[in-house]
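Take a look at the structure set out below.
The values are calculated or read from the model by the stated rules, or taken from the named source; none is laboratory data. Here the structure is a predicted model, which means the values were calculated and not measured. When we count neighbours, we look across all protein chains shown, and the Cβ atoms used for this are built from the backbone with ideal geometry, even at glycine.
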Amino acid sequence: MKEIVIKASGVHKTYNETKVPVHALRGVDLEIEKGEFTAIVGPSGSGKSTLLNIIGGLDRPSEGKIEVGGKDISTLSDNQLIDFRRENIGFVFQAYNLIPVLTAKENVSFVMELQNRSKTEVDNRVKELLDAVGLGDRGDNRPAELSGGQQQRVAVARALAPKPTFILADEPTANLDSTSTANLLDIMARLNKEENITFVFSTHDRRVVDRARRVITLVDGKIQTDEHFKR
Amino acid sequence: MFSIFKMAFRNIWRNKRRTLITATSIMFAVFFAVAMQSLQKGAWDNMVSSVINYYFGYAQVHKKGYWEEQSINKAFAVNDEITNTKKSPIEEYIPRIESFALASSGPRTKGTLVIGVDPELENSLTDLKEKLIKGTYFEASDKAVVIAEGLADYLKVDLRDTLILVSQGYRGVNAVGKYAVKGMVKFPSGELNNQMLYLPLAAAQQFYGAEELVTTLVLKTDQPKAIKQTVANLRHELDTNKYEIMDWEEMIPDLVQARELDEFGSTIVLWILYLIIGFGIFGTLLMMVKERSYEFGVLTAIGMPRWKQSLIVWLEIIFIGIIGAIAGMILATPLVLYFKNNPIQLPQEMAEAYEKFGVEPIIPMAFDPKIFLLQAFVILGMVTLMALYPMIKISLLNPIKAMRE
């Protein structure tokens, strides 16, 4: 039996910040299973980031429901959502968004420490992940001392560290060169297979799309195509 | 929790120049505040100490009602009830019998304050012997006077001349006596210099017809700071229907009021100083929050509770405040210690004015840890209050908007 990790039902999102309402999502229905490696693609303004934000509990739908692991997160308060994100979701951002005053090791362990995990568990997991992303020898460096590609690998390790239910990656390769992109995608694909962690990307990048086993195309806030590939 | 402290500590060094400028402004505020308060406290302590040691002492015991109506008829005997209370911190009771008399020499007569004192005990409190400018200090068994210089000039008397004293003694007896001038003292205060006349206690009691009686017991203590408690204990031990026990603040309320008024004025100046510094710190806070709203957005997104983010900002401000406050205290300490041991000498004109009131013409600084601690608490309170701003901002922060900005 397949385990549904994310379920979106009739999700609409309308922004009323200007005089003319902007309909970013117009009735999105979606199910993502555990272990999927999914890319959400589409032109600018198609609603990719909005959908990702809503799935990640950073934003709320104007209509519809989002369930993560069977739990309706649309009804949670802001502070409950913070706790929920910490325990269930790993984020990888386009701009890496590492904490500049912490070393690579400390960045990776940060969320686990917020979860009050034991020191031994944290130390083992950090070592394991930094080795996995090929930065075992750069753990004591601060983000400013790392290249963009290395920072993004640390960001992936940070997202994976607490073993979240799924990882949301918003344009993770947008600022990377081809080598770094290939390297990062290899790492994510490997971890996806080894740890069976669900990845959901929002991307414009063809190289990411080519590695995804499922590609959802959004146009004007609606799912236009939803294709599965064997890779 | 450790990573919160670590982040806060590292964050304050992200913009070293700004941190140093803010800490420096706090340092100077604390330095000036400590210096100002130490100077003011030192000046007042010196004044109070001078006034107290000049005549009043830290507290006095009288017969009930004496202070209101200072009459020789309110003299009392020093009995066991009183002497039994002479224990630490009360070092000694210094007896006096005081009243007014007419002093006459040849054709000249003047009203004077005739005080009977125990020569040695009185000297231990007021340094009367040090004020001698002519002759010798009297002894307990003498029947001679020590006269103030101004009074002696008026009466045209000198050493070994005879002075006639006339007064109404205890319970209406005629008080008449004839005494040789043994010593002459000079008081800086013109008022005292023109009317003071000292007699040994026994001679004065005999003169006033009040053998074994005193009008005042001046309390000498080795713990002047605990005088309120000492007086309270004494009120408990003695029958307050018979005696009144007054501390120096009750005896010279004008001095207390003047001090309070002066302190109120300097408190206003101090708060203006803090306000200026407060705006400086607040400016730093505004910049910190503005610059890092993106980062707060990220932290919120990855699941850091808002209160922990607020705590980090609060700790950062507190760290800067503590660095500035400690630096200010360190800077102020040698200055305060120097001027405590080497008081500022007042210029001639001011010195004369001080001396008129029997106050030593110097301004020492007081080294009081309370003054230093107060600054730390004020800074802590101020930054805690200001930290409400980033706390509110973080609590209302929308992570998507923050990351978009």
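The residue that is farthest from A:ILE89 (Cα to Cα), among those in the range A:17-44 that are outside any strand (DSSP E or B) and in contact with a strand residue (DSSP E or B) (Cβ under 8 Å, 6 or more places away or on another chain), is A:PRO21. A residue that is of a type in the set (Ser, Thr, Tyr), surrounded by 17 or more Cβ atoms within 10 Å (Cβ to Cβ), at pLDDT 95 or above and not in a strand (DSSP E or B) occurs somewhere in the range B:202-214.
In this structure, is A:LYS65 part of a helix (DSSP H, G or I) and away from chain B (no Cβ under 13 Å)? Spelling it out, it is not the case that A:LYS65 is part of a helix (DSSP H, G or I) and away from chain B (no Cβ under 13 Å). Restricted to the range A:108-153, and to residues there that are of a type in the set (Asp, Glu) and outside any helix (DSSP H, G or I), the residue that is farthest from the other protein chains (Cβ to nearest Cβ) is A:ASP137. Whether a residue is out of contact with any strand residue (DSSP E or B) (no Cβ under 7 Å at 6 or more places or on another chain), of a type outside the set (Phe, Trp, Tyr) and within 14 Å of chain B (Cβ to nearest Cβ) was assessed, and A:LEU51 does not pass this test.
Could you check how many residues of the range B:165-177 are among the β-branched types (Val, Ile, Thr) and either within 41 Å of the chain's Cα centre (by Cα) or over 16 Å from B:VAL145 (Cα atoms) (or both)? Qualifying residue count, the range B:165-177: 2.
Beta carbons closer than 9 Å, at least 6 apart along the sequence or on distinct chains, pair a first residue in the range B:249-270 that is closer than 24 Å to B:THR230 by Cβ with a second that is among the acidic types (Asp, Glu) for B:LEU255/B:GLU249; B:VAL256/B:GLU249; B:VAL256/B:GLU250. The set of residues in the range B:26-49 being surrounded by fewer than 19 Cβ atoms within 10 Å (Cβ to Cβ) and not hydrophobic (A, V, I, L, M, F, W, C) consists of B:ASP45, B:SER49. Of all residues in the range B:235-262, those that are farther than 21 Å from B:ASN53 by Cα and over 13 Å from the mean Cα position of the chain (by Cα) total 10. Every condition in (1) crowded, with 18+ Cβ neighbours inside 10 Å; (2) of a type outside the set (Val, Ile, Thr); (3) within 14 Å of chain A (Cβ to nearest Cβ) is met by B:ALA23 except one, and the failing one is (3). Is the range B:74-88 home to any residue that is under 23 Å from the mean Cα position of the chain (by Cα) and not in a loop (DSSP other than H, G, I, E, B)? No: the range B:74-88 contains no residue that is under 23 Å from the mean Cα position of the chain (by Cα) and not in a loop (DSSP other than H, G, I, E, B). Could we say that A:PHE110 is within 25 Å of B:ARG306 (Cβ to Cβ), out of contact with any Lys or Arg (no Cβ under 7 Å at 6 or more places or on another chain) and crowded, with 20+ Cβ neighbours inside 10 Å here? Against the criterion (within 25 Å of B:ARG306 (Cβ to Cβ), out of contact with any Lys or Arg (no Cβ under 7 Å at 6 or more places or on another chain) and crowded, with 20+ Cβ neighbours inside 10 Å), A:PHE110 does not qualify. Scanning the range B:9-20 for residues that are over 22 Å from B:MET329 (Cβ atoms), within 12 Å of another protein chain (Cβ to nearest Cβ) and part of a helix (DSSP H, G or I) turns up B:ARG10, B:ASN11.
Applying a threshold of 6 Å to beta carbon distances and a minimum spacing of six or more residues, or different chains, the list of pairs starting in the range A:41-58 at a residue that is more than 14 Å from A:HIS204 (Cβ to Cβ) and ending at one that is part of a helix (DSSP H, G or I) reads A:ASN53/B:ILE400; A:GLY57/A:ILE73; A:GLY57/A:LEU81; A:GLY57/A:PHE84; A:GLY57/A:ARG85; A:LEU58/B:ALA301; A:LEU58/B:PRO399; A:LEU58/B:ILE400. There is no residue in the range B:221-242 that is within 14 Å of chain A (Cβ to nearest Cβ), of a type outside the set (Phe, Trp, Tyr) and buried (at least 16 other Cβ atoms within 10 Å of the Cβ).
For (1) touching a Cys at 6+ places or on another chain (Cβ under 7 Å); (2) within 22 Å of A:GLU121 (Cα to Cα); (3) away from chain B (no Cβ under 14 Å), each residue gets a yes or a no:
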residue	(1), (2), (3)
A:ARG158	no, yes, no
A:ALA182	no, no, yes
A:ASP186	no, no, yes
A:GLU194	no, yes, yes
A:ILE197	no, yes, yes
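Within the range B:305-322, being assigned to a helix (DSSP H, G or I), within 13 Å of chain A (Cβ to nearest Cβ) and surrounded by fewer than 18 Cβ atoms within 10 Å (Cβ to Cβ) holds for B:TRP307, B:LYS308.
Of the residues B:THR300, B:THR333, B:THR284, the single one that is modelled with pLDDT of 90 or more and surrounded by 17 or more Cβ atoms within 10 Å (Cβ to Cβ) is B:THR300. Between A:ILE167, A:ILE223, A:ILE187, the distinction of being under 12 Å from the mean Cα position of the chain (by Cα), at negative phi and surrounded by fewer than 24 Cβ atoms within 10 Å (Cβ to Cβ) belongs to A:ILE167 only.
When A:LEU76 is tested against (1) aliphatic (A, V, I, L, M); (2) more than 9 Å from chain B (Cβ to nearest Cβ); (3) crowded, with 20+ Cβ neighbours inside 10 Å, just one condition goes unmet, and that condition is (3). In the range A:6-24, the residue that is farthest from A:VAL209 (Cα to Cα) out of those that are buried (at least 21 other Cβ atoms within 10 Å of the Cβ) and more than 14 Å from every other protein chain (Cβ to nearest Cβ) is A:VAL11. From the list A:ILE99, A:ILE89, A:ILE82, the one residue that fits, being free of Cβ contacts under 8 Å to residues at least 12 places away in the same chain, within 11 Å of chain B (Cβ to nearest Cβ) and buried (at least 21 other Cβ atoms within 10 Å of the Cβ), is A:ILE82.
Within the range B:50-71, the set of residues being of a type in the set (Val, Ile, Thr) and either modelled with pLDDT under 95 or within 30 Å of B:PRO361 (Cβ to Cβ) (or both) comprises B:VAL51, B:ILE52. Taking residues in the range B:275-304 that are more than 8 Å from chain A (Cβ to nearest Cβ) and touching a residue at least 24 places away in the same chain (Cβ under 8 Å), and partners anywhere that are of a type in the set (Lys, Arg) and buried (at least 18 other Cβ atoms within 10 Å of the Cβ), the pairs with Cβ atoms closer than 6 Å and at least 6 places apart or on different chains are B:VAL289/B:LYS393.
When A:GLY90 is tested against (1) more than 17 Å from A:LYS13 (Cβ to Cβ); (2) assigned to a loop (DSSP other than H, G, I, E, B), only condition (2) is not met. Please verify whether B:ASP222 is among the acidic types (Asp, Glu) and touching a residue at least 24 places away in the same chain (Cβ under 8 Å), treating the condition exactly as stated. Considered against the rule, which asks whether it is among the acidic types (Asp, Glu) and touching a residue at least 24 places away in the same chain (Cβ under 8 Å), B:ASP222 comes out as yes.
So that you can scan it fast, the table gives a plain yes or no per residue for (1) under 26 Å from the mean Cα position of the chain (by Cα); (2) modelled with pLDDT under 85; (3) under 30 Å from A:TYR96 (Cβ atoms); (4) away from every other protein chain (no Cβ under 14 Å):
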{"residue": "B:ALA353", "(1), (2), (3), (4)": "yes, yes, no, yes"}
{"residue": "B:PRO364", "(1), (2), (3), (4)": "yes, no, no, yes"}
{"residue": "B:PHE372", "(1), (2), (3), (4)": "yes, no, no, yes"}
{"residue": "B:MET382", "(1), (2), (3), (4)": "no, no, no, yes"}
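The numbered conditions (1) surrounded by 15 or more Cβ atoms within 10 Å (Cβ to Cβ); (2) within 30 Å of A:MET112 (Cβ to Cβ); (3) touching a Pro at 6+ places or on another chain (Cβ under 8 Å); (4) not small (Gly, Ala, Ser) are all true for B:ILE4 except (3).
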